[in-house]
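Only the coordinates and a few stated rules stand behind these numbers; no lab work does. All values derive from a computational prediction rather than experimental measurement. Please note: Cβ atoms are built from the backbone with ideal geometry, for glycine as well, and neighbour counts cover all protein chains shown.
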Amino acid sequence: MILEHALLPVRPGEAEEFVLAFAEAKRIIAASPGFVRLELSRCVERPDTFLLLVEWERLADHTEGLRGSAAYQEWRRLLHRFYDPFPVVEHFERVLEA
């Protein structure tokens, strides 16, 4: 299992519009092969910052599958205009859990 982590810095004043766009965009990622689940959380101290966590079966499901798909262009159209600066996306493998 791979956990994708992205802090999403949304332009000030656009957070509510971003949430609406994300609600539409989540169907794109959810339809991707290898997708397991996602969680979008809003920062309490910085309400224009969101944390996106996505679980994938394999790294390639995200980096090659979703990002290489035609559907990814729609994801970009819906969401990429909100970011400033553009987020860093990283992938993690579970080491321990309790």
*Restricting the first residue to the stretch 82-98 and requiring it to be over 19 Å from A21 (Cα atoms), which pairs with a second residue that is in a loop (DSSP other than H, G, I, E, B) meet a Cβ separation below 7 Å and a spacing of at least six or different chains?*
R94/M1
*Please state which one of A60, A21 is over 11 Å from the mean Cα position of the chain (by Cα) and closer than 15 Å to H80 by Cα.*
A21
_Number of the condition not met by L79 [criteria: (1) within 13 Å of the chain's Cα centre (by Cα); (2) more than 15 Å from V19 (Cβ to Cβ)]_ = (2)
*P47: under 18 Å from V10 (Cα atoms) and touching a Pro at 6+ places or on another chain (Cβ under 8 Å), yes or no?*
no
*Provide a single number: the residues in the stretch 57-89 that are among the hydroxyl-bearing types (S, T, Y) and either in contact with a Gly (Cβ under 7 Å, 6 or more places away or on another chain) or more than 12 Å from I28 (Cα to Cα) (or both).*
2
*Selection within the stretch 1-31 - closer than 27 Å to L96 by Cα and either crowded, with 16+ Cβ neighbours inside 10 Å or in contact with an Asp or Glu (Cβ under 8 Å, 6 or more places away or on another chain) (or both)*: M1, I2, L3, E4, H5, A6, L8, I29
*Yes or no: V88 surrounded by fewer than 11 Cβ atoms within 10 Å (Cβ to Cβ), within 15 Å of the chain's Cα centre (by Cα) and β-branched (V, I, T)?*
yes
